[in-house]
Every structure is written in structure tokens, then in C-alpha cells.
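Okay, structure first, notes after.
The values are calculated or read from the model by the stated rules, or taken from the named source; none is laboratory data. Bear in mind the structure is a predicted one, so any value in this text is a computation, not a measurement. All Cβ positions, glycine included, derive from the backbone under ideal geometry; neighbour counts span all protein chains shown. When the accessible area is computed, the model is the full protein with side chains, heavy atoms only, and any ligands, DNA or RNA have been set aside. Shrake-Rupley method; radii C 1.70, N 1.55, O 1.52, S 1.80 Å.
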Amino acid sequence: MSERVAVVGAGVAGCGVADALAGTDREVVVVEKARGVSGRAATRRKHGCRYDHGANYVKPGEDDEFTGVLESFGVEGLHDVAEPVWVHDADGDIQPGRERDARKWTYEAGITQFAKRVLDASDATVELETEIESLERDDAASDDATATGPWSLVDADGERYAGFDRVVLTPPAPQTAALLAATAWDDDRRDAVRAAADGVAYRTVRTLVLHYDFRVDRPWYALVDPEQTHPVGWLAREECKPGHVPDGESLLIAQMSPAWSVAHDDDPTETAASAAADRVADLLADDRYRDPNWVDSQGWRYALPENAAGDAVRAAEAAGLYCAGDWVVGDGRVHRAFENGRTVGRRLRERG
Ligand SMILES: Cc1cc2nc3c(=O)[nH]c(=O)nc-3n(C[C@H](O)[C@H](O)[C@H](O)COP(=O)(O)OP(=O)(O)OC[C@H]3O[C@@H](n4cnc5c(N)ncnc54)[C@H](O)[C@@H]3O)c2cc1C
């Protein structure tokens, strides 16, 4: 009987696991709580615009190795954002950045394209709108060669998905820790993995999307405050991405600093967007930005991990329980999360 693998979360790490297991005889089921795949590498459509309100682009790293991975899943609609990223400081002083030549990849159809393409190329089954609340382990099942696997997933409606030999958890660390806390498996290894996940701290980011029916050409695609002391931590011009914003319009992605984001966590969208638009208008020294013609918002409580989980996160792998994601490697980057998922998938393949 072929091995059955459950992957909780269809972010890029979960996609990496599915990719590493493609072409083997395993049955892979990816279970995702959201309506779509790709997690924090997220895209929305509104009023004729398309915008990436989580990860803005994939930067392949200095050796450019990841570009080959992106291209291997299809080059159609894959673009390098040509304009550079400049920097600003706490006083709003804007300067050219010192970024190296690393490319900034995006997709005409939005950054979610990457996850979609990877999953399409894999043999995995994807179950959307299924939030897993706990796991169960039946040790008797694993001792019986004829039985199905020992792991079950239980969703928010109480439905059980049973008979998995291995489970890979990819939600952000605090959500993985909560899942493990609710898991019926009385074993020190569960506690070790949970403690490793609990030890990961996160940066909170609130994204405000500000749309304008005018456009100003600028020499930069985005501004970043490396110190995150200005209220606007990151400001990107989505119109620099082909196919995202109609001609003559502008759509700004304002990712607010951690301090601002926490202070404005509960503000309704209109209130937060109005406050953010004022800071953007100050930064760009142009009062027209105070009055966007429509806005959108997304709070990312667990936006970016500040540290790595450490080796204890692997404590339960011999029992078939794995973790993958940007928090495992301690680097909030699409390519790092995907590669970690692939590494975990390969390890799982070798063990089988
Ligand atoms: C605002 C922001 C800006 C960023 N900018 C960049 C950037 O420009 N470039 C870059 O490379 N990276 C950037 N990142 C980081 C990048 O998005 C992440 O590192 C990467 O997407 C993490 O992928 P992941 O699969 O590890 O986690 P996630 O994307 O969080 O995937 C986890 C998945 O698990 C699902 N899930 C959670 N709980 C459950 C459950 N109980 N049951 C079922 N499913 C569940 C979630 O819905 C999600 O789809 C940014 C992130 C944010 C938030």
C-alpha cells in the first residue's frame, strides 16, 4: 500500500513538500483553511486592479539560483520588476538604495501564480476551506502492517481525515504550536516540537492598499525604511508590475512599521487607511495622496519570523510528524520557505 502524506497549509512551504513528493507513489493531500492557495504570498483583485498585499516579489538571493526554480514552473507571465528599491529614514529622507543586482520576480497574474503552478505540476490533492484544529495519533495502527497510517487530522467541523502515515505542519509557528497543543498524542516529542514552535517570535505588519486615479512616474518601484522607524515601513508602486494596474492609475502598497501596525491593529479599514495615507502624503510631499479613491487592508499578525525554530522542531520526525515553513529557517522569504518545504519533502522521501 502506498504511503499517505498530509500537508497542513498550502503556502509555498506546503507547495515545496508537494513538489518534492511529486512522481513518487505517495498519496499527498494538502489541506488549506483559506479559499485559495499560497498563504502570505497573497494576491487580490479589485476594481480592475490586481495586487500583491503580502509578499511583494520573489528575490532569488545573491547566487540567483532560485530564478531557475521559478522558470522551471513556466516563464509565461513571469516578470522581473525593473525599477529599483530606494530607502527612506525616520525623517522621511528618500535616497537611492544600495541594493545589489538581485532580481525581483513577480507574475502578471499575481504572486499566487507560483504556488498554483507548483501544485498543478504535482500529484497532490488540495482541499481548500478546511481548517485543521487538531491531530490524533493511533499508535496501534502504526504497529499493524496491514492498517492504514496512524495520523488523523480533525477539522473545525469535527470531520476526521484518517489514515496518514506522515503529517507535515506548515502554518506559522504560533498556529502550529496551537495545533500541537490540541493534539491527542501523549509523547515528549510532541512537547519538544511545540516548544520549538513556541520559541519563534514574529514581526507584525499591517498592509494598507491605497488606490488613486492619477499616476506619478518615479525613479523607484518601492521605498523601504531599513530601520523600520518611519511609520511607513515599505511603500511599493504596484503599477510597476505588468498587468496589475490600469494605465493612468496608481496603487500603493503601504506596509506599515511594526510599531504602527500593532498600535493600529484594531482600527477599521477606513480609519487605518486614512491615517496611513496621511503618512504616505507626508513621505511623498504631495497632498493628493491624502485622499485615495478606494482602499483595502490586511493585518498580518504573523508576518515575518524573527528567529529560527532550531533542531528540536525535528524531534518527532521518526514518528511521522514534520514541520516546514519560513519559521523553521528563521527567514521570511518566499524562496526560503519553498526550499525548506522541499528539503523536508526530500527527507520524508528518504525515510520512506
Ligand atoms: C506583509 C508581508 C510582506 C512580505 N514580503 C515578502 C517579499 O517581498 N518577498 C519575500 O520573499 N517574502 C516576503 N514575505 C514573506 C513570505 O510571504 C513568507 O516567508 C512565505 O510566504 C511563507 O510561506 P509559508 O508556506 O512558510 O507560510 P504561509 O504562507 O503562512 O503558509 C501557511 C498556510 O497554512 C494555512 N493554515 C494555517 N493554519 C491552518 C490550519 N489550521 N489548517 C489548514 N491550513 C492552515 C494558511 O492559510 C497558509 O496558507 C512577506 C510576508 C508578509 C506578511
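Quick rundown of the values:
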read-out	value
Label-point separation in nm, residue 218 to residue 65, each point 7 Å along Cα→Cβ	3.4 nm
Cα long-axis angle, helix 112-121 against the chain (0 to 90 degrees, to the nearest 10)	30 degrees
By accessible area with a 1.4 Å probe, ligands and nucleic acids excluded, highest first: order of 31, 37	37, 31
The chain: angle of helix 12-21 to the longest principal axis, Cα-based, in degrees nearest 10	40 degrees
Computed [θ] at 222 nm, helices only, for the chain once each DSSP H run of length n ≥ 4 contributes -39500 (n - 2.57)	-8000 deg cm²/dmol
Probe 1.4 Å - accessible area at residue 265, Å² to nearest ten	70 Å²
Degrees between helix 334-351 axis and first principal axis of the chain (Cα, 0 to 90, nearest 10)	10 degrees
Distance histogram in 5 Å bins (all Cα pairs of the stretch 1-83, percent per bin)	3, 11, 17, 21, 19, 14, 9, 4, 1, 0, 0
Separation in nanometres of the label points that stand 7 Å from Cα toward Cβ, at residue 140 and residue 270	5.9 nm
Surface share of carbon and sulfur [accessible, 1.4 angstrom probe, percent] for the stretch 86-243	41 percent
Fluctuation leader among 186, 225, 278 - the chain, Gaussian network, Cα springs under 10 angstrom	186
Backbone HN-Hα couplings from phi across the stretch 180-195 [Karplus 6.51/-1.76/1.60, Hz, Gly and Pro as x]	5, 4, 8, 8, 7, 7, 7, 8, 4, 5, 4, 5, 5, 5, 4, 5
Modelled FRET efficiency - R0 30 Å, residue 259 with residue 285, Cβ distances, 0.05 increments	0.85
Choice from 307, 340, 293 showing the highest fluctuation, given a GNM over the chain with Cα pairs closer than 10 Å	293
The chain - accessible surface per residue (Å², probe 1.4 Å)	44 Å²
Amide H contacts under 5 Å for residue 79, placed H, 5+ residues apart	106, 107, 108
Listed residue pairs exceeding 21 Å between alpha carbons, taken from 33/116; 104/241; 33/104; 46/241	33/104
Cβ crowding within 10 Å averaged over residues, with 8-14, 205-211, 314-320 ranked highest first	8-14, 205-211, 314-320
Under 5 Å, built H, 5+ apart or other chain: amide partners of residue 133	154, 155, 156
